[in-house]
Amino acid sequence: MPDEPIIRENRNGTPSVRGTRLTVYNIMDHHLAGRPATSIAEFYGIPLGDAQAAMDYIDAHLGELMPKYQRDLEWARRGNPPHVEAMFAESHKKLMRLKEDLGRKTTGETRDARAAG
């Protein structure tokens, strides 16, 4: 769609680069650090014009974007709450059990045969 703006709102209402899941908040880190559009385009694998459009959007809407950006940075600094970390740990254990089961299936080994041996 050539008429579609390069920066448009995604389903969550967040300004994003068209055709990607890349939000302007992803690009803000790089832009505010002074990286050029060519570097941002290469890093994210997007056309140079899209990277420049995102940078221009950030410049034009910085006051609107900054509160959420600051909240996101603070969240990242704090890290996940303990109950979320516990969920991640449990999920990782489950993943490792599934990986072991898959490894046994691909070699023809079963749990019973392993326990007996």
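Restricting the stretch 55-66 to residues that are surrounded by 13 or more Cβ atoms within 10 Å (Cβ to Cβ) and not hydrophobic (A, V, I, L, M, F, W, C), the residue that is nearest to V24 (Cα to Cα) is Y57. Go through the stretch 87-117 and give me each residue that's part of a helix (DSSP H, G or I), modelled with pLDDT under 85 and of a type in the set (G, A, S). A113, A115, A116 - these are the residues of the stretch 87-117 that are part of a helix (DSSP H, G or I), modelled with pLDDT under 85 and of a type in the set (G, A, S).
For H30, the requirement of being surrounded by 10 or more Cβ atoms within 10 Å (Cβ to Cβ) and assigned to a helix (DSSP H, G or I) is met. Among residues that are loosely packed, with under 13 Cβ neighbours inside 10 Å, part of a helix (DSSP H, G or I) and without any contact (Cβ under 8 Å) to a residue 60 or more places away in the chain, Q52 is not included.
Determine if the stretch 90-100 includes at least one residue that is out of contact with any Pro (no Cβ under 9 Å at 6 or more places or on another chain) and either of a type in the set (S, T, N, Q) or surrounded by 14 or more Cβ atoms within 10 Å (Cβ to Cβ) (or both). Steps first, answer last, please.
Going residue by residue through the stretch 90-100, those that are out of contact with any Pro (no Cβ under 9 Å at 6 or more places or on another chain) are 90-100.
Checking which are either of a type in the set (S, T, N, Q) or surrounded by 14 or more Cβ atoms within 10 Å (Cβ to Cβ) (or both) leaves us with 91.
Scanning the stretch 90-100, I find at least one residue that is out of contact with any Pro (no Cβ under 9 Å at 6 or more places or on another chain) and either of a type in the set (S, T, N, Q) or surrounded by 14 or more Cβ atoms within 10 Å (Cβ to Cβ) (or both), so the answer is yes.
Scanning the stretch 70-86 for residues that are surrounded by 11 or more Cβ atoms within 10 Å (Cβ to Cβ), over 17 Å from the mean Cα position of the chain (by Cα), assigned to a helix (DSSP H, G or I) and not assigned by TED's automatic domain parsing to the domain that holds D29 turns up at least one hit. Looking only at the stretch 3-47, filter to residues that are free of Cβ contacts under 8 Å to residues at least 12 places away in the same chain and of a type in the set (K, R); which one of those is nearest to Y57 (Cα to Cα)? The selected residue is R8.
The values are calculated or read from the model by the stated rules, or taken from the named source; none is laboratory data. The structure presented is a predicted model; accordingly, all values stated were derived computationally and were not measured. So basically every Cβ, Gly included, is an ideal-geometry build from the backbone, and we count neighbours across all protein chains shown.
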